[in-house]
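Visitor: Quick one: the structure is below, and I'll ask about it shortly.
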Amino acid sequence: MKLVRGFGVNDADYAVGRLVSGKRVICAAYRAWANMIDRCYSEKRQKKNPTYIGVTVCEGWRSFMAFREWWLESHVDGWQIDKDLLTDNNQYSPDSCIYVPAWLNTFTIDRNAVRGEFPIGVDYHKASKSFRSMCNNPATGKQVTIGRFKTPEAAHLAWRARKLEYAAQMKNEMDAIDARIYPRVVDIISRAK
């Protein structure tokens, strides 16, 4: 049996892909599983997105059919799999993963790999010779400028305060998905650097 990215085993008891009207159609559960494995075990993909370096998939999900069983119970159409909102273990597993809407999946991303030298939510604004604090509003999806500050630390603290405000505003929506999410979001924001 050929391994997917040298890790996963496609042990499906059905064809995960077929031609429909001349187009290849892939089973949604298989696509989610293969993409997850690809993020963790593809050097090419990790060069483009280094935040996945060191991320693993649990031994149980080496089997596609084991993942598919969880997927059938957990998947929500249009939502994304997230491994960071429930635990800090840096592994895709039944205990760490949850399907969430896109706004929530990106709400706590720190973008360490691409953000540069300043704390999260901070950049240097050359025109005003100050540190600008910005963040995305999860309700609107738009980036908001919080203000300009004399130090990167002050700009970061303003970012943190605004993110915590947004989290509080979205608490009911988070709780409707899973009551464990809101406290974790607050913790992640509070620890962000």
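The values are calculated or read from the model by the stated rules, or taken from the named source; none is laboratory data. Keep in mind that this is a model prediction, so the values were computed, not measured. Positions of Cβ are backbone-derived with ideal geometry, glycine not excepted, and every protein chain shown enters the neighbour counts. Side chains included, ligands, DNA and RNA excluded: accessible areas come from the protein's heavy atoms. Shrake-Rupley method; radii C 1.70, N 1.55, O 1.52, S 1.80 Å.
Visitor: Could we say that ARG45 is out of contact with any strand residue (DSSP E or B) (no Cβ under 6 Å at 6 or more places or on another chain) and more than 21 Å from VAL100 (Cβ to Cβ) here?
Guide: yes
Visitor: Which condition from (1) crowded, with 18+ Cβ neighbours inside 10 Å; (2) under 16 Å from the mean Cα position of the chain (by Cα); (3) within 27 Å of LYS142 (Cα to Cα) is the one that TYR92 breaks?
Guide: Just one mismatch for TYR92, condition (3).
Visitor: Are there any pairs, at least 6 apart or on different chains, whose C-beta atoms fall under 7 Å, with the first in region 27-51 and under 23 Å from ASP88 (Cβ atoms) and the second part of a helix (DSSP H, G or I) and of a type in the set (Asp, Glu), and if so, which?
Guide: Correct list of pairs: ARG45/ASP38.
Visitor: Let me ask something else about it. Looking at ALA32, ALA66, ALA12, ALA28, which one is farther than 15 Å from CYS97 by Cβ, among the hydrophobic types (A, V, I, L, M, F, W, C) and in contact with a helix residue (DSSP H, G or I) (Cβ under 7 Å, 6 or more places away or on another chain)?
Guide: ALA12
Visitor: Within the bounds of region 102-119, is there any residue that is in a strand (DSSP E or B) and buried (at least 16 other Cβ atoms within 10 Å of the Cβ)?
Guide: There is no residue in region 102-119 that is in a strand (DSSP E or B) and buried (at least 16 other Cβ atoms within 10 Å of the Cβ).
Visitor: In region 163-193, which residues are among the basic types (Lys, Arg) and either touching a residue at least 40 places away in the same chain (Cβ under 8 Å) or open to solvent by less than 60 Å² (accessible area, probe 1.4 Å) (or both)?
Guide: Selection gives LYS163, ARG180, ARG184, LYS193.
Visitor: Within region 127-156, track down each residue that is assigned to a helix (DSSP H, G or I), surrounded by fewer than 17 Cβ atoms within 10 Å (Cβ to Cβ) and not charged (D, E, K, R).
Guide: ALA154
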